[in-house]
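The values are calculated or read from the model by the stated rules, or taken from the named source; none is laboratory data. Treat the numbers as computed from the prediction; the structure is a model and nothing was measured. Cβ: placed from backbone, ideal geometry, glycine included. Neighbour counts: every protein chain shown.
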Amino acid sequence: MPAYMIVTAKLKDRDAFIAGYGKAAAELLPKFGGRYVLRGPGAMLLEGDFGDGASMVISEWPDKAAALAFWNSPEYAAVRKLRDGTAEVQVLLIEAPAIT
């Protein structure tokens, strides 16, 4: 069953975030079977208290295990450090059964 990683990021330094973390994460993602479904700035908060104006990234994975293999890998741990000081993030992972 496919899984989706949903990231909401309030960027403090957009250029540094994209040049460092964004570039490195994009290069690593396919090695673990992931692909981007959406990457875009300017989310509009309709309810809740996190994310107004944030950038959103949604990646699709073959399954939850593949997404967690990426998330818990030493390679991604090194990439994740590149976003230190450039963003406040919220990350969710959800499996998605087919909608019929």
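Restricting the search to segment 38-69, which residues are under 13 Å from the mean Cα position of the chain (by Cα) and either farther than 19 Å from ILE18 by Cα or basic (Lys, Arg) (or both)? Walk me through how you get there before you give the answer.
Taking segment 38-69 and keeping what is under 13 Å from the mean Cα position of the chain (by Cα), we get 38-41, 54-61, 67-68.
Result: ARG39, GLU60, TRP61, ALA67, LEU68.
Among the residues that make up segment 11-25, is at least one of them basic (Lys, Arg), out of contact with any Gly (no Cβ under 6 Å at 6 or more places or on another chain) and more than 16 Å from GLY85 (Cα to Cα)?
To start, the set of residues in segment 11-25 that are basic (Lys, Arg) comprises 12, 14, 23.
Retained after the next criterion (residues that are out of contact with any Gly (no Cβ under 6 Å at 6 or more places or on another chain)): 12, 14, 23.
Keeping just the survivors that are more than 16 Å from GLY85 (Cα to Cα) gives 23.
Yes, segment 11-25 has at least one match.
Quick one: which helices (runs of 4 or more DSSP H) lie wholly within segment 1-76 and hold at least 3 residues that are of a type outside the set (Ser, Thr, Tyr) and modelled with pLDDT under 95? Even if it seems obvious, please write down each step before you answer.
Details: elements: 14-17, 23-28, 64-71.
Output list reads 14-17.
For segment 33-59, enumerate the residues that are closer than 10 Å to TYR4 by Cα and surrounded by fewer than 17 Cβ atoms within 10 Å (Cβ to Cβ).
Across segment 33-59, the qualifying residues are ARG35, TYR36, VAL37, ILE58.
Scan segment 12-28 for residues that are over 10 Å from the mean Cα position of the chain (by Cα) and closer than 23 Å to ASN72 by Cα and jot them down.
So in segment 12-28, the residues over 10 Å from the mean Cα position of the chain (by Cα) come out as 12-21, 23-24, 27-28.
Once the filter is applied, which keeps residues that are over 10 Å from the mean Cα position of the chain (by Cα) and closer than 23 Å to ASN72 by Cα, segment 12-28 yields PHE17, ILE18, ALA19, GLY20, TYR21, LYS23, ALA24, GLU27, LEU28.
Could you tell me which residue of segment 65-100 is nearest to ALA9 (Cα to Cα), considering only residues that are surrounded by 15 or more Cβ atoms within 10 Å (Cβ to Cβ) and among the β-branched types (Val, Ile, Thr)?
Within segment 65-100, the match that is nearest to ALA9 (Cα to Cα) is VAL89.
Looking at VAL89 and the list (1) at pLDDT below 95; (2) under 20 Å from ALA19 (Cβ atoms); (3) of a type in the set (A, V, I, L, M, F, W, C); (4) touching a Phe, Trp or Tyr at 6+ places or on another chain (Cβ under 8 Å), which single condition is not satisfied?
So VAL89 meets the others, but not (4).
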